[in-house]
């Protein structure tokens, strides 16, 4: 069967497994001794700036490879099976301009499918479907850089979803948005069929999540229900005021 005709499928029995993971940038340690297995459909990641949470998120689809330990996705190691891992795990950056690479909206959404060798007819159908789903059909031929901030974030998400990954990691998806668009993205996250990991400072976004991890100074310091994890995070921050 051709690669483009099979969507990525998550293996919930395996999940995303980090074992003894550490990561350094030069002499600076940003993560240390992280061992955790993620199998839930909705997982939140919180922590102060510089806590290591964004590096953790990038480990989940191989954007960052650990200095120590291993990361596997459905049994696939991010070191040696990166292409297969990225078929399964899509990544949405905090700043949508970081992942919008083509001049028009439709061209940008189609980019990943072109790289996969998806035939033109199927590519057009999938692009049209995702643009319609996120209210971007009327902007298909518009310059991507002229979209509003909220529309750009929707475009970035659409460009990931059109690839039909089994899992999606979103790094602070509402940080740069006004309240209206932040709420829209929050609803979108709740409605996704895929398993989702969200890094966020917006604690309200975590309502309905199954699990929340708290990072502090490069270490995983809490792994609990949203309410309990948020209490831990607030206690940490209260002690530093």
Largest first, please: the extent of the C-alpha atoms of the chain along each principal axis, to the nearest Å. 54, 41, 34
For the chain, the longest principal axis of the Cα atoms and the Cα long axis of helix 105-116 enclose an angle in degrees, to the nearest 10, of 80
I'd like the distance separating the alpha-carbon centroids of the range 58-107 and the range 199-241, in whole Å. 24
Under the rule of -39500 (n - 2.57) per DSSP H run of 4 or more residues, summed and divided by the residues of the chain, what mean residue ellipticity at 222 nm is obtained, to the nearest 500 deg cm²/dmol? -10000 deg cm²/dmol
Please give the contour-minus-distance gain from residue 40 to residue 227: 0.36 nm per residue of separation, less the Cα-Cα distance, rounded to one decimal in nm. 65.7 nm
If one compares the long axis through the Cα atoms of helix 149-161 with the longest principal axis of the Cα atoms of the chain, the angle in degrees, nearest 10, works out at 90
Which part of the range 211-241 falls in the paramagnetic zone of residue 175, meaning amide N under 16 Å from the point 7 Å along Cα-to-beta-carbon? 215-218
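Which values, in whole Å and largest first, are the semi-axes of the equivalent ellipsoid of the range 54-107 obtained as the square root of 5 times each eigenvalue of the Cα gyration tensor?
Working: eigenvalues 123, 35, 12 Å².
Those come to 25, 13, 8 Å.
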By how many degrees, between 0 and 90 and to the nearest 10, does the Cα long axis of helix 120-133 differ from the longest principal axis of the chain? 60
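Every number in this text was worked out from the coordinates using simple rules, so none of it is lab data. Keep in mind that this is a model prediction, so the values were computed, not measured. Positions of Cβ are backbone-derived with ideal geometry, glycine not excepted, and every protein chain shown enters the neighbour counts.
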